[in-house]
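The values are calculated or read from the model by the stated rules, or taken from the named source; none is laboratory data. Bear in mind that the values here come from a model prediction, so they are computed numbers and not experimental data. Here Cβ is always computed from backbone atoms with ideal geometry, including for glycine, and neighbour counts include all displayed protein chains. The area values use the complete protein model at the heavy-atom level, side chains included, leaving out ligands, DNA and RNA. Shrake-Rupley method; radii C 1.70, N 1.55, O 1.52, S 1.80 Å.
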Amino acid sequence: GVTRLLLTRIPFFKEIIVSSFSCDSCSWSNTEIQSAGRIQEQGVRYTLAVTSRQDMNREVVKTDCASARIPELDFEIPAFSQKGVLTTIEGIIDRAVAGLEQDQPARRAMDREVARKIDEFIGKLRQLKEVNSPFTFILDDPSGNSFVENPHAPQRDEALVVTHYRRSPQQSAMLGLEVDAKPPDTAEDLRDEVLQFNTNCPECNAPASTNMKLVQIPHFKEVIIMATNCDSCGHRTNEVKSGGAIEPQGTRITLRITDPSDMTRDILKSETCSVEIPELEFELGMGALGGKFTTLEGLLKDIRDLVEKNPFTLGDSSTPSRTGKLQEFLGKLQDVKGKTKAHFIMDDPAGNSYLQNVYAPEEDPELRVQRYERTFEQNEELGLNDMKTEGYETEAASGR
C-alpha cells in the first residue's frame, strides 16, 4: 500500500503529522496523527456533557498519550493503547466498538460467558450514539496536545469544561521528560540579571534561545517575562509568569473604553485570568493565550488571531452560518479599537493581573478595581483548599 504524510500546524496544540495509509488490493485504509510539536507546560483535561446528537459530531484531536473515559459506563481507553487520531466523539466510540468486536469469535469459542458480557457492553456503547440519556465524555492528556471542539466559539461553551493542570512525576516519566529533583538556589539574586537558556523554536524546531528577566511593574508587583527569538525563521514569542504569591482576594478589573488612547494602556494578563467584553457577548476563559504582558490593542489583536487562525471555526470544516457569525464578531472587535464604546473586564481569582491606570497615583474615572472573596470552586482550581502553610508541623507530630 501507500502511506502519505502531511505536516500541518493547528492552533491550541501546535504541529501535528497526519498519516494516511491505503491498500489497493483489499481497499483497507487507516489514518492517524502524531504530535510534531513540543509537549505543553501543563496537561489538559476536557470534560464534555453530551446531551444531543450534535455533540456526537464535535471534532476531537486525541493524541496517543491521551486517555478517554465515560464514567457512566465505567469505560476507559487507556493512554498509549491507541494511535493518535483526528475524529469525532462518535468516531471514538466506533473505534472502541471495533476493537472489542475484533476478538469476539475466538472468545465465543473459548469462553462464552465472557463473550456474552462483552456483547452486552458493546450494545451499551452503541446506545450511547443515540444519546437517549446524557453522559459525560472526559479526555485527559498529560502532554496538553489534545483538543475538543467548541462549536460556539468564540463564546464560552457551557457543556465543555477545560482544565489545565500540572503533571505529576509519574506522568512526566511516562512522557519521557526528565524530572529535576534539585531544589532551586534561593540565595541567588536574579533581579538585575537576564538569564538565557537554550531551547527549540516552537515553529521550525531549530535551536533557539529564551531570555528570562524579573521586572517590577510600577504600582503593582514583580513578574517574570520570558521571550524566545529564533534566528532561523524569525519567530518571536513572549510569555509572562507571576513572580509573587497568590493574593488573599481575587481581582475584577473593569475598564470603560471611551477613547482610542485606551488601546495603549499596559496590560498584564496572568494565565489564571479570564477576559470578558459584554457588548460583544465574548468571554475568554482561564488558560487561553497564557500569560501576556502587552497593551490593550495587542491583547485584542491576539484574540482576533486566535479566532481567525482556528481551522475548526473559519476553515474548510466550518459551516456558512458559523462563519458568518464569526466574521460579524471580528468586525465588532475591530470597531472596539476606537469606534465603539465597550467595557473590558479582567477577572483573576489569583489577583495577579494588572491594567494600567494612566492617572496614577490618582484614581482613574474609567477604571474600576474590585476585590472579592474567592469561592470554594475557585480555591479548588487554584489548589488552595488542600494547602496549609501554618501549623502543619504540630499536626504532623501529633499524628505520629
(message) Here is the link list: Lys62/Lys332; Lys241/Lys388; Lys241/Lys301; Lys301/Lys325; Lys241/Lys332. Which ones come out longer than 26 Å on Cα distance?
(response) Lys62/Lys332; Lys241/Lys332
(message) Whole-Hz ³J(HN,Hα) for each residue in the range 54-59, computed from phi via Karplus 6.51 cos²θ - 1.76 cosθ + 1.60 with θ = phi - 60°, x for glycine and proline: what do you get?
(response) 5, 5, 5, 8, 5, 6
(request) Specify the inter-centroid distance of the range 342-376 and the range 198-256, based on alpha-carbon positions, in whole Å. (result) 20
(message) Please report the carbon-and-sulfur percent of the accessible area for the chain; probe 1.4 Å, protein heavy atoms only, DNA, RNA and ligands left out.
(response) 49
(request) Sort out for me the Cα centre separation of the range 140-181 from the range 266-306, rounded to whole Å. (result) 20
(request) Could you tell me the accessible area of Asp335 in Å² (1.4 Å probe, neighbours in place), rounded to the nearest ten? (result) 50
(message) I'd like the Karplus ³J(HN,Hα) series for the range 73-80: coefficients 6.51, -1.76, 1.60, θ = phi - 60°, whole numbers in Hz, and an x wherever there's a Gly or Pro.
(response) 9, 6, 10, 9, 9, x, 5, 6
(message) Can you give me the distance in nm between label points at Ala227 and Phe80, each placed 7 Å from the Cα along the Cα-to-Cβ direction?
(response) 4.0
(request) Collect residues whose amide H, placed 1.01 Å from N in the peptide plane, falls under 5 Å from the amide H of Thr295; neighbours closer than 5 in sequence don't count. (result) Ile267
(message) Using Cα-Cα distances under 8 Å and only pairs 6 or more residues apart, what relative contact order does the chain have, in percent?
(response) 14
(message) I want the antiparallel fraction of DSSP beta bridges within the chain, as a percent rounded to 5.
(response) 100
(message) What percentages make up the Cα-Cα pair-distance distribution of the range 28-160 when the bins are 5 Å wide from 0?
(response) 2, 9, 19, 21, 19, 15, 9, 4, 2, 1, 0
(message) Helix-only mean residue ellipticity at 222 nm, the chain, DSSP H runs n ≥ 4 weighted -39,500 (n - 2.57), per residue, nearest 500. What is it?
(response) -6500 deg cm²/dmol
(request) Kindly sort Ser22, Ser143 by accessible area of their heavy atoms, largest first, with the probe set to 1.4 Å. (result) Ser22, Ser143
(request) Would you calculate the separation in nanometres between label points at Arg53 and Asn30, each defined as 7 Å from the Cα along the Cα-to-beta-carbon direction? (result) 3.2
(request) Using 0.36 nm per residue of separation minus the Cα-Cα distance, give me the extension gain between Leu5 and Gln196 in nm, one decimal. (result) 65.2 nm
(message) At 1.4 Å probe radius, can you tell me the per residue accessible area of the chain in Å²?
(response) 58
(message) Which cysteines in the chain lack any other cysteine whose Cβ sits under 4.7 Å from their own Cβ?
(response) Cys23, Cys26, Cys65, Cys273
(request) Could you pull the accessible area for Lys309 with a 1.4 Å probe, rounded to 10 Å²? (result) 130
(message) I need the semi-axes of the equivalent ellipsoid of the range 195-242: take the C-alpha gyration tensor, multiply each eigenvalue by 5, square-root it, list largest first in whole angstrom.
(response) 25, 9, 7
(message) If I model a spin label as a point 7 Å beyond the Cα along the Cα-Cβ vector, how far apart are those points for Asp111 and Asp94 in nm?
(response) 3.0
(message) Given 20 °C and 1.002 mPa s, compute D for the chain with the Stokes-Einstein relation, Rh being the Kirkwood radius over Cα pairs; round to the nearest whole µm²/s.
(response) 88
(message) So, taking all protein chains as they sit and a 1.4 Å probe, how much accessible area belongs to Ser67, in Å² rounded to tens?
(response) 20
(request) Provide the gained length on full extension for the span Arg322 to Thr340, in nm with one decimal, where the gain is 0.36 nm per separating residue minus the Cα-Cα distance. (result) 4.1 nm
